[in-house]
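Student: Have a look at this one.
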Amino acid sequence: MPIAALLFIAGSAAAHAAWNIRLKGTGDPETAANLAVITPGLLAGALVLGAWGLGLVQITPAAAVLGVAAGAAELAYFMTLARAYAGAPISVVYPIVRGINPLVAVGIGTLLLSEQLIGAQPWGVVLIILGLVALRPPWQGLRAGISGVALLFAIAAGVLSAGGSAIERLGVLEAGPLPFLGLTWGVTGLLYLVVAQRRGLVWKTTPNLALTGSLIIGGHLLVMAAFAVAPLSVVVPLRESAILLVSGWGLLRAREATSLVQILLRVIGAVAIVSGAVLIALG
């Protein structure tokens, strides 16, 4: 794999961890996600449309369709992720969302594309499943103040993230990282503006919201740059290294676990998911 791809993936993982922590740290993740995305999203979209109007970039019909699809997927992802954060700790939600991602990719490859798991990849799948079980042990039911609905939203966010990544990989190959970033986030920002108006929210920005939005879109640009030089099956699993950063923050800084058993289960779950994702990526 090119060194550039590794740098892009590492940077995107750090940015992804940072904005998720900032989002969870707000009193209202749903409102924060909504308002944080609108301004930078609309700016990114306006810049790309302006460049297209001046003939500086080419946007094919296929790229436009993929951009709309990716933008809608991003909106659905953010809405489900925010709902999950509203009802469960980040040290549980984030690893579930990111752990579902490579499992969906493997499922699509094996069930729809007739691909086969090779080398250590089957063990990677097993590790991710065990990690997910450790994060939310079935025998614990819905104790510890974790909403079952929040867990369902976390799973949905993971599926949407995986689907969005596949669309973005195709879009980047069609239009390039920067144009497709603008297309995607222009659509997401516009859709989120409609959502904000329907909810009666006032469209505004603050330094904190601007920073969160910049981390979201900047991290996404790094992901798209990685998609331009490395395959989806490698980029997506290696991004899951952010799980360790986010879970560590949730356990150590936010003190989300109240017992030694909870701490151990969440640490084991996070490490197992990251290890499994790496095994899937490396084969």
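All of the numbers you see were taken from the coordinates with simple rules; none came from a lab. Source: prediction; values computed, not measured. As a convention, Cβ positions derive from the backbone with ideal geometry for all residues, glycine included, and neighbour counts pool all protein chains shown.
Student: Determine the sum of side-chain charges near A230: Lys and Arg each +1, Asp and Glu each -1, restricted to other residues whose C-beta is under 14 angstrom from that of A230.
Tutor: +1
Student: Among K24, K204, what is the fewest-to-most ranking by other Cβ atoms within 10 Å?
Tutor: With the sparsest Cβ surroundings first, the list reads K204, K24.
Student: Mind checking which helices in the chain clear 15 Å along their axis (Cα) and have mean Kyte-Doolittle hydropathy of 1.6 or more, DSSP H runs only?
Tutor: Qualifying helices: 121-135, 207-229, 260-282.
Student: Another one. Among V194, A46, P102, whose Cα projects farthest towards the positive end of the dipole of the chain, with charges put on the beta-carbon of Lys, Arg (+1) and Asp, Glu (-1)?
Tutor: Positive-end residue among those listed: V194.
Student: Given charges of +1 on the Cβ of Lys and Arg and -1 on the Cβ of Asp and Glu, with all other atoms neutral, how large is the dipole of segment 3-282 about its Cα centre, in debye to the nearest 20?
Tutor: Roughly 660 debye, rounded to the nearest 20.
Student: May I ask you to sort F8, F180 by Cβ crowding, counting other Cβ atoms within 10 Å and putting the fewest first?
Tutor: F8, F180
Student: Evaluate the relative contact order of segment 3-282 (contact order divided by residue number), counting alpha-carbon pairs under 8 angstrom at least 6 apart; express in whole percent.
Tutor: Over segment 3-282, the number comes to 41 percent.
Student: What's the extension gain from A4 to T206 if we count 0.36 nm per residue and subtract their Cα-Cα distance?
Tutor: Full extension from A4 to T206 adds 69.4 nm.
Student: Between L282 and I118, what length comes free when the chain is fully extended (0.36 nm per residue of separation minus the Cα-Cα distance, one decimal in nm)?
Tutor: Result: 58.1 nm gained on full extension.
Student: If you wrap a convex hull around the C-alpha atoms of the chain and split its volume per residue, what is the figure in Å³?
Tutor: Measuring per residue, one finds 128 Å³ for the Cα hull of the chain.
Student: Just name one of I128, G55, A4: the one whose Cα is farthest towards the positive end of the charge dipole of the chain (beta-carbon charges, Lys/Arg +1, Asp/Glu -1).
Tutor: Projecting each Cα onto the dipole axis, the largest value belongs to I128.
Student: Something else now. Just want to confirm a number: the relative contact order over segment 188-283, from Cα pairs under 8 angstrom separated by 6+ residues, in percent.
Tutor: Normalised by residue count, the contact order of segment 188-283 is 29 percent.
Student: Another question, if that's okay. Where a ≥ b ≥ c are the square roots of the eigenvalues of the C-alpha gyration tensor, would you call segment 31-190 rounded, which needs a/c under 1.5, or, failing that, prolate if a/b is larger than b/c, or oblate?
Tutor: oblate
Student: Please arrange T31, T212, T26, T184 by how many other C-beta atoms lie within 10 Å of their C-beta, fewest to most.
Tutor: If I rank by nearby Cβ atoms, fewest first, I get T31, T26, T212, T184.
Student: Same structure, new question: Nothing charged except the Cβ atoms of Lys and Arg (+1) and of Asp and Glu (-1): what's the magnitude of the dipole of segment 1-149 about its Cα centre? Round to the nearest 20 debye.
Tutor: For segment 1-149, the charge dipole is close to 340 debye.
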